[in-house]
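Report on the structure given below.
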Amino acid sequence: MKKLLLWIVALGWMAGALRAQDLTGNWQGTLKASKDLRMILVVSKDDGKLQAKLYSIDETPQPFRISSISQDGLTVTFAIEINGTTYEGKMNAAGNAIAGTWTQALTSLPLDFSRPTKETAWEIPAPPAPRKLMPADAEPKVDVATIKPNDSGGMSMQVLTFRGRTLITQNSSLADLIMFAYSVQMKQIVGAPSWIERDRYDINATPDVEGTPTADQVRILIRNLLADRFQLKFHHDKRELSAFVLTVGKDGPKLKASQPNGNLHGVGMQPAKTGAMLFANNSPISAFTNFLQSLVLDRPVVDQTGITGKYDMTVTFTMDDSFFNGHPPAFPKPADDVEPAPSLFDAIQQQLGLKLSAEKAQVDVLAIDHVEKPSAN
């Protein structure tokens, strides 16, 4: 009888421990970065599988979608692929605290989570009010624009963004603006004077239509700015050029479709432990190829994948000195004991299931008929 009671007590303790180690629910902790950042980790189960989202409540009300999360005994790990973040921690026996390390790119910082009580729980911020969008059929023209020479000596455009209702560019050349507005690479602009690459400007432009524009409407606005203030005129032509052609690999694509209300659209780069990481959030393949041909590579990139839709993509690769017109970002090199990432071409094939190959291809070009330096403000 005594042994039976001991077994019952032991089984009860084990059941309690298992319940205590359940990861689902809300956790919170402070990341000690350049400033304190409060984090709320929300873990749930869908059909028995763990899923989670992370709120950095001092930065944005928009949650980060965690791409993978797992629990092996007391060890908890998760990753946010889109910004190169990983986390690994150990849960205590009571199941109410996790001590761990947050790693983003080359930086590792301690981050400990605990289960909050009703009294200590931080409030998850309400989602932002939906932005008023520009009407879908709008083709915005420029209402007011200022164009000022930039003599800083910078060799590349620093900013192209919308703030409120204003398009802002810094240190942009006319060539930069043409490449963005028409989704072409420099080799696709023919017959232009040399100053379109050399002369640089800071531009503020307000559209004549209210609302937040789509990426395509930003391009339309810039096209109208170029025609109005630079008197740009051109015609389309076809040329056989050395290009990079993007196709689907033999084993098919390895792409993750963007989730509804998921990551905001954007394409960019950041350092990674093994090299550099190129990311595209909530983006079509065309946004990925445009970034490659406009900034990274030295020739047009032709999309022949036939893939439609929007995806969250990351590619971690080793930077080549020829990228970015011979001026690649000065990312730290991997540590001696870390195996470097593959080349960009191998990484695209291994990580995205796509193939980027150098070929001769018939490519659309913009043949410049007339262009002037910008008119006075």
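The rows are residues; the columns are (1) within 17 Å of L295 (Cβ to Cβ); (2) of a type in the set (A, V, I, L, M).
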residue	(1), (2)
R131	no, no
V159	yes, yes
T166	no, no
A175	yes, yes
S183	yes, no
E197	yes, no
D208	no, no
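On the given criteria, is V76 under 30 Å from A181 (Cβ atoms), more than 24 Å from the chain's Cα centre (by Cα), hydrophobic (A, V, I, L, M, F, W, C) and in a strand (DSSP E or B)? Spell out how you get there, then give the answer.
Values: under 30 Å from A181 (Cβ atoms): no; more than 24 Å from the chain's Cα centre (by Cα): yes; hydrophobic (A, V, I, L, M, F, W, C): yes; in a strand (DSSP E or B): yes.
No.
What strands (runs of 3 or more DSSP E) completely inside the range 85-191 contain at least 3 residues that are touching a Pro at 6+ places or on another chain (Cβ under 8 Å)?
Values: elements: 85-91, 97-104, 107-114, 142-149, 159-163, 166-173.
In the range 85-191, the matching strands (runs of 3 or more DSSP E) lie at 97-104, 142-149.
Here is a yes/no grid of residues against (1) of a type in the set (V, I, T); (2) open to solvent by 50 Å² or more (accessible area, probe 1.4 Å); (3) over 26 Å from I178 (Cβ atoms); (4) outside any helix (DSSP H, G or I):
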| site | (1), (2), (3), (4) |
| --- | --- |
| D298 | no, yes, no, yes |
| D312 | no, no, yes, yes |
| D320 | no, yes, no, yes |
| A330 | no, yes, yes, yes |
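crowded, with 20+ Cβ neighbours inside 10 Å and more than 23 Å from the chain's Cα centre (by Cα) - does that describe any residue in the range 190-198? Let's see the steps before the verdict.
Taking the range 190-198 as the starting set, the residues that turn out to be crowded, with 20+ Cβ neighbours inside 10 Å are 196.
Now restrict to residues that are more than 23 Å from the chain's Cα centre (by Cα): 196.
The answer is yes; a qualifying residue exists.
Out of the range 50-63, which residues are part of a strand (DSSP E or B) and either surrounded by fewer than 19 Cβ atoms within 10 Å (Cβ to Cβ) or touching a residue at least 60 places away in the same chain (Cβ under 8 Å) (or both)?
Going residue by residue through the range 50-63, those that are part of a strand (DSSP E or B) are 50-56.
The answer is L50, Q51, K53, Y55, S56.
Any residue in the range 78-96 that is farther than 29 Å from P271 by Cα, buried (at least 17 other Cβ atoms within 10 Å of the Cβ) and touching a Lys or Arg at 6+ places or on another chain (Cβ under 9 Å)? If you could, list the steps in order and put the result at the bottom.
As a first pass, look at the range 78-96 and keep what is farther than 29 Å from P271 by Cα: 91-96.
Still in the list and also buried (at least 17 other Cβ atoms within 10 Å of the Cβ): 91, 95.
With the extra rule that they be touching a Lys or Arg at 6+ places or on another chain (Cβ under 9 Å), the set shrinks to 95.
Yes, there is a match, as at least one residue in the range 78-96 is farther than 29 Å from P271 by Cα, buried (at least 17 other Cβ atoms within 10 Å of the Cβ) and touching a Lys or Arg at 6+ places or on another chain (Cβ under 9 Å).
For A335, which of the numbered conditions (1) open to solvent by less than 60 Å² (accessible area, probe 1.4 Å); (2) within 21 Å of the chain's Cα centre (by Cα) fails to hold?
All conditions are met except number (2).
The values are calculated or read from the model by the stated rules, or taken from the named source; none is laboratory data. Please read these numbers as outputs of a predicted model, since none were measured by experiment. Don't worry about glycine lacking a Cβ; one is built from the backbone with ideal geometry, like all the others, and counts go over all protein chains shown. Calculation scope for accessible area: heavy atoms of the full protein, side chains included, ligands and nucleic acids excluded. Shrake-Rupley method; radii C 1.70, N 1.55, O 1.52, S 1.80 Å.
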